[in-house]
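Peer 1: The structure under discussion is supplied below as structure tokens; questions concerning it will follow.
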Amino acid sequence: RRQEALARMGNAVERFIRVHTAARLLRWSIERFRETRQGPLLARASEIFCGLTEGALHKLLVDYDSTPPTLSGQRPGGAIVPIDGMSEGTRDQLYLALRLAALELHLEQTAPLPFIADDLFINYDDTRARAGFAALAALSERTQVIFLSHHQHLAAVAQSVFGTQLNLVRLEESQ
């Protein structure tokens with residue numbers, strides 16, 4: 001019985017070593033994937049988000065240990081702000097930062113297509129809209145940006161960011 005128990009323990013140890021090694025390799029592979037694929041996206045989104053929030057939130061963090069993994073913003077002092085702790089406008093800025101970062105990475109691999117934004121800044125005040133237009137100005141260096149809006153006041157905000165580079169087209173209001 002003792003020999004049988006030792007043999008079973010030996011088999012269990014071998015299985016444990018195989019499973020433990022496989023798990024470590026899997027974790028390493030996942031981390032490598034995150035570094036090569038998500039790392040650049042998250043880093044660029046953090047830069048854009050910092051600009052959009054004018055430095056109020058300067059970094060994006062992913063908590064991979066939570067289920068499901070969660071995205072949060074970090075203040076310059078180190079305080080972590082979960083998405084549900086952000087205002088609606090800040091969540092819109094986060095979405096825009098992620099979208100622009102993904103688009104920039106996509107543009108590195110494909111021919112540029114126009115980026116069309118329709119009332120993108122509906123929940124933004126003028127300060128946030130100015131920061132949003134600055135992010136679109138950076139994108140416009142790589143691809144055509146077409147911004148549509150029925151909010152007249154945004155024309156002046158866009159003009160303050162783009163200057164003479166802005167091509168503004170006003171459509172006549174139909175009666």
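The values are calculated or read from the model by the stated rules, or taken from the named source; none is laboratory data. Just so you know, these numbers come straight off a predicted model, no measurement behind them. Cβ atoms come from the backbone with ideal geometry, glycine included; neighbour counts cover every protein chain shown. These area figures cover heavy atoms from the full protein model, side chains too; ligands, DNA and RNA do not enter into them. Shrake-Rupley method; radii C 1.70, N 1.55, O 1.52, S 1.80 Å.
Peer 1: Once amide H atoms are placed 1.01 Å from N in the peptide plane, what residues at a sequence separation of 5 or more from PHE115, or on another chain, have their amide H within under 5 Å of its amide H?
Peer 2: GLN144, VAL145, ILE146
Peer 1: For the chain, set up a GNM with springs between Cα atoms under 10 Å and report which of PRO40, PRO69, PRO114 has the largest fluctuation.
Peer 2: Greatest mean-square fluctuation among the candidates belongs to PRO69.
Peer 1: While we're on this one: Can you give me the % of accessible surface on the chain that is carbon or sulfur? Probe 1.4 Å, all protein chains present, nothing else counted.
Peer 2: Details: 6630 of 12090 Å².
Accessible surface attributable to carbon and sulfur in the chain totals 55 percent.
Peer 1: Oh, and also: Label the chain by shape, choosing from rounded, prolate and oblate, from the square roots a ≥ b ≥ c of the eigenvalues of the Cα gyration tensor; if a/c is under 1.5 it is rounded, and otherwise prolate applies when a/b is larger than b/c, oblate when it is not.
Peer 2: prolate
Peer 1: Okay, next question. Tell me whether region 41-81 comes out rounded, prolate or oblate; compute the Cα gyration tensor, take square roots of the eigenvalues as a ≥ b ≥ c, and use a/c under 1.5 as the rounded threshold.
Peer 2: Verdict is oblate for region 41-81.
Peer 1: Between ARG8 and GLN165, what is the spin-label point distance in nm, taking each point 7 Å from the Cα along the Cα→C-beta axis?
Peer 2: 7.3 nm
Peer 1: Take the chain, connect every pair of alpha-carbon atoms lying under 10 Å apart with a spring to form a Gaussian network, then pick out the residue of ILE48, ILE17, ILE146 with the largest mean-square fluctuation.
Peer 2: It is ILE17.
Peer 1: Let me ask something additional. Looking only at ARG27, ARG44, ARG142, which one moves most when the chain is put into a Gaussian network model with springs between Cα atoms under 10 Å?
Peer 2: Residue with maximal mean-square fluctuation among ARG27, ARG44, ARG142: ARG27.
Peer 1: How much accessible area per residue does the chain have, counting only protein heavy atoms and a probe of 1.4 Å, in square angstrom?
Peer 2: Per-residue value: 69 Å².
Peer 1: Further question on the same structure: How far, in degrees from 0 to 90, does helix 39-52 lean away from the longest principal axis of the Cα atoms of the chain, to the nearest 10?
Peer 2: Taking Cα atoms only, the helix is inclined about 40 degrees.
Peer 1: Something else now. Normalised by the residues of region 1-71, what does the relative contact order come to in percent, with Cα pairs under 8 Å and at least six apart?
Peer 2: 15 percent
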